[in-house]
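Please read the structure below before turning to the comments.
The values are calculated or read from the model by the stated rules, or taken from the named source; none is laboratory data. The structure presented is a predicted model; accordingly, all values stated were derived computationally and were not measured. We place every Cβ from the backbone using ideal geometry, glycine too, and count neighbours over all the protein chains shown. Note: areas computed on protein heavy atoms with side chains; ligands, DNA, RNA excluded. Shrake-Rupley method; radii C 1.70, N 1.55, O 1.52, S 1.80 Å.
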Amino acid sequence: RQTKIHDYHRAIKLLRPFYNAVAKISGYPHLPPPGATLNICYAGAIAVKGNDGELFAALLNELLADSREAGYDFVLAALHERDPLLKALDRFRHFKLRSGLFLVSFDEDDSRLRSLEPTVPYLEIAKI
């Protein structure tokens, strides 16, 4: 999936050259010029046997290497704050994006929603 950069806010326009200089040194992706596209790879359907963080980190290392080789600028993944795999992301350079997750019912009888077990929700990043 590609995202086209149409323009930046004035402050970001001014800071972009400085950010890109620091990003190059620190290994973060650069901010492309207006009109360019970001090639984005989505890490979806994240499921690891036994919620093994070591295995997840190894799989993520492979995904990052493959995506870099394929010319992707970013790899996006979404894990809930209670997901046991989340801790494995601490080993990688990343940006955290906090958001809200809501469960909604339009039925007057919401007893089915109330009866759901409190599990860790699965988030599909390509749909967000």
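Express the carbon and sulfur contribution to the solvent-accessible surface of the chain as a percent, rounded to the nearest whole number, probe 1.4 angstrom. Carbon with sulfur: 56 percent of the solvent-accessible area. Taking amide hydrogens as placed 1.01 Å from N in the peptide plane, the amide H of LEU123 sits under 5 Å from those of HIS80, each at least 5 positions away in sequence or on another chain. In angstrom, the C-alpha Rg and Dmax of region 42-97 are 11.1, 32. In degrees, nearest 10, range 0 to 90: what is the angle between the Cα axis of helix 53-69 and the longest Cα principal axis of the chain? Between the helix axis and the principal axis of the chain, the angle is about 40 degrees.
Mean-square fluctuations from a GNM of the chain, with a 10 angstrom spring cutoff on Cα atoms, peak among PHE106, PHE74, PHE95 at PHE106.
Here the peptides 21-28, 46-53 are ranked by packing, the mean other Cβ count within 10 Å, and the order with the highest first is 46-53, 21-28. The Rg/Rh ratio for the chain is 1.05, where Rg is the radius of gyration of the alpha carbons and Rh is the Kirkwood radius. Springs join every pair of Cα atoms under 10 Å in this Gaussian network model of the chain, and among LEU113, LEU14, LEU38 the largest mean-square fluctuation is at LEU113. Net charge dipole, the chain: roughly 780 debye, given to the nearest 20, about the Cα centre with Cβ charges of +1 for Lys and Arg and -1 for Asp and Glu.
Would you mind calculating the gained length between ALA21 and SER115 on full extension (0.36 nm times residue separation, minus the Cα-Cα distance), in nm to one decimal?
Working: separation 94, 0.36 × 94 = 33.84 nm, distance 5.23 nm.
Stretched out fully, the ALA21 to SER115 stretch lengthens by 28.6 nm.
Which of the residue pairs LYS49/LYS87; LYS49/LYS127; LYS4/LYS127 have a Cα-Cα distance greater than 21 Å in the structure shown? Table pairs above 21 Å Cα-Cα are LYS49/LYS127. Specify the angular offset, from 0 to 90 degrees and rounded to the nearest 10, of the alpha carbon long axis of helix 10-26 from the longest principal axis of the alpha carbons in the chain. Tilt of helix 10-26: around 90 degrees. Calculated accessible area for the chain comes out at 80 Å² per residue, all protein chains present (probe 1.4 Å; ligands, DNA, RNA ignored). Note on ARG68 and HIS94: their simple-model spin labels are 1.7 nm apart, each label 7 Å out from Cα toward Cβ.
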